[in-house]
Amino acid sequence: MAQKKADMGGPRHVAIIMDGNGRWAQSRGRPRLFGHHAGARRVREIVSACPDLGVKYLTIFAFSTENWKRTQTEVAGLMSLFRRYIMKEMQEFVRENVRVRFIGDRPRLDAKLRGLMDEAEAMTAHCDGTNLTIALNYGGRDEVARATKRLAQDVADGNLDPADVDEETLPKYLDTRVVPDPDLVIRTSGEARISNFLLWQSAYAEYEFIDTLWPDFTPEIFADLLKGYGARDRRFGGVTA
């Protein structure tokens, strides 16, 4: 593998596992959904901070394929929050030149939410500022499985020669095929695991696991993490010259 010299600048694409909303609320004697609403407000601040911080792509983990295991009350509350969030924020995203995309397995989501997702993507399709990708009903293994099915179908239909399949082929079938791989993945709340998030795409990403709960994650904390990234020596399997 060719050696790559570290780029001392900040990351172009940051992915965030927004963890800790429920604990944040419970520590204040409030229901978990109170924390999710606080977390949604925090997203707005972080998205707005991206242009000044040099972040062109931001991917956030909003709801995983495993989150359906939560209580019916919490899941229903989250789905309602997603619908309200999209309706409330889309005009603002257009004004701020933010392009919105969704990744994940959509069919399990209700028709109204899917319609709002489609509308949000269409409304912001012309925006060329920050690229915000929202992972909704997303799981890394599920994404790879769905991509493999599409790839296999192309082989079966005679549109793809199996001999031509290599590590550059599968990414063309992933949900994230139109955005670059993340440079930095951040997880809040003190948990040190990736929880099935962007498994293929994060093969060479840097990771930051921080104790801050998501509703307390400020643009200032974000900026400090980006500065730390710029000081890292990213060798991609090579050695420093």
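The values are calculated or read from the model by the stated rules, or taken from the named source; none is laboratory data. No experiment lies behind these values; they were computed from the predicted model shown. Cβ placement follows ideal geometry from the backbone for every residue including glycine, while neighbour counts extend to all protein chains displayed.
Tell me, yes or no, whether the stretch 59-69 has at least one residue that is at pLDDT 95 or above, out of contact with any strand residue (DSSP E or B) (no Cβ under 9 Å at 6 or more places or on another chain), under 23 Å from E143 (Cβ atoms) and not hydrophobic (A, V, I, L, M, F, W, C). If you could, list the steps in order and put the result at the bottom.
Initial filter on the stretch 59-69 (at pLDDT 95 or above): 59-69.
Within this subset, residues satisfying the condition of being out of contact with any strand residue (DSSP E or B) (no Cβ under 9 Å at 6 or more places or on another chain) are 66, 69.
Subsequent filtering for residues that are under 23 Å from E143 (Cβ atoms) retains 66, 69.
Narrowing the set further to residues that are not hydrophobic (A, V, I, L, M, F, W, C) leaves 66, 69.
Within the stretch 59-69 (the criterion being at pLDDT 95 or above, out of contact with any strand residue (DSSP E or B) (no Cβ under 9 Å at 6 or more places or on another chain), under 23 Å from E143 (Cβ atoms) and not hydrophobic (A, V, I, L, M, F, W, C)), the answer is yes, since at least one residue qualifies.
For the stretch 163-172, which positions are of a type outside the set (A, V, I, L, M, F, W, C), assigned to a loop (DSSP other than H, G, I, E, B) and in contact (Cβ under 8 Å) with a residue 12 or more places away in the chain?
Of everything in the stretch 163-172, just one residue is of a type outside the set (A, V, I, L, M, F, W, C), assigned to a loop (DSSP other than H, G, I, E, B) and in contact (Cβ under 8 Å) with a residue 12 or more places away in the chain, namely T169.
Would you kindly identify the helices (runs of 4 or more DSSP H) lying entirely within the stretch 1-110 that contain at least 1 residues that are closer than 14 Å to I134 by Cα and within 14 Å of the chain's Cα centre (by Cα)?
On the way: elements: 21-26, 32-53, 72-95.
Answer list for the stretch 1-110: 32-53.
Determine whether P171 is modelled with pLDDT of 95 or more and in contact with a strand residue (DSSP E or B) (Cβ under 9 Å, 6 or more places away or on another chain).
no
Would you mind telling me which numbered condition in (1) assigned to a loop (DSSP other than H, G, I, E, B); (2) among the small types (G, A, S); (3) modelled with pLDDT under 95; (4) out of contact with any Phe, Trp or Tyr (no Cβ under 9 Å at 6 or more places or on another chain) G228 fails?
Condition (1) is where G228 drops out.
Being within 11 Å of the chain's Cα centre (by Cα), among the hydrophobic types (A, V, I, L, M, F, W, C) and either more than 19 Å from I46 (Cβ to Cβ) or surrounded by 14 or more Cβ atoms within 10 Å (Cβ to Cβ) (or both) narrows it down to one residue among F197, F209, F217; which is it? Give the steps one after another, and end with the answer.
Working: F209 fails: within 11 Å of the chain's Cα centre (by Cα); F217 fails: within 11 Å of the chain's Cα centre (by Cα).
None of the others qualify; the one that does is F197.
Residue by residue, here is whether (1) touching a strand residue (DSSP E or B) at 6+ places or on another chain (Cβ under 6 Å); (2) more than 21 Å from G140 (Cβ to Cβ); (3) not polar (S, T, N, Q) holds:
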| residue | (1), (2), (3) |
| --- | --- |
| I194 | no, no, yes |
| F197 | yes, no, yes |
| T212 | no, yes, no |
| P215 | no, yes, yes |
| E220 | no, yes, yes |
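Out of the stretch 75-92, which residues are farther than 27 Å from N196 by Cβ and either buried (at least 16 other Cβ atoms within 10 Å of the Cβ) or in contact (Cβ under 8 Å) with a residue 40 or more places away in the chain (or both)?
M90, E92
Can you tell me which residue is surrounded by the fewest Cβ atoms within 10 Å (Cβ to Cβ) among those in the stretch 140-161 that are among the polar types (S, T, N, Q) and farther than 26 Å from V100 by Cα?
Looking at the filtered set, the residue picked out is N159.
In the stretch 173-194, how many are part of a loop (DSSP other than H, G, I, E, B), hydrophobic (A, V, I, L, M, F, W, C) and surrounded by 13 or more Cβ atoms within 10 Å (Cβ to Cβ)?
Qualifying residue count for the region: 3.
With N137, N67, N97 as the choices, which residue is of a type outside the set (F, W, Y), within 28 Å of P215 (Cα to Cα), touching a Gly at 6+ places or on another chain (Cβ under 9 Å) and surrounded by fewer than 20 Cβ atoms within 10 Å (Cβ to Cβ)? Full working, then the answer.
Values: N137 fails: surrounded by fewer than 20 Cβ atoms within 10 Å (Cβ to Cβ); N67 fails: touching a Gly at 6+ places or on another chain (Cβ under 9 Å).
Selected residue: N97, the only one of N137, N67, N97 that is of a type outside the set (F, W, Y), within 28 Å of P215 (Cα to Cα), touching a Gly at 6+ places or on another chain (Cβ under 9 Å) and surrounded by fewer than 20 Cβ atoms within 10 Å (Cβ to Cβ).
Would you point out which residue out of L113, L151, L136, L160 is outside any helix (DSSP H, G or I), closer than 23 Å to L198 by Cα and not β-branched (V, I, T)?
L136
For the stretch 122-134, which positions are surrounded by 12 or more Cβ atoms within 10 Å (Cβ to Cβ) and over 15 Å from the mean Cα position of the chain (by Cα)?
Answer for the stretch 122-134, where residues must be surrounded by 12 or more Cβ atoms within 10 Å (Cβ to Cβ) and over 15 Å from the mean Cα position of the chain (by Cα): M123, T124, C127, G129.
With the structure loaded, tell me whether R150 is in contact (Cβ under 8 Å) with a residue 24 or more places away in the chain and of a type in the set (D, E, K, R) or whether it fails that test.
no
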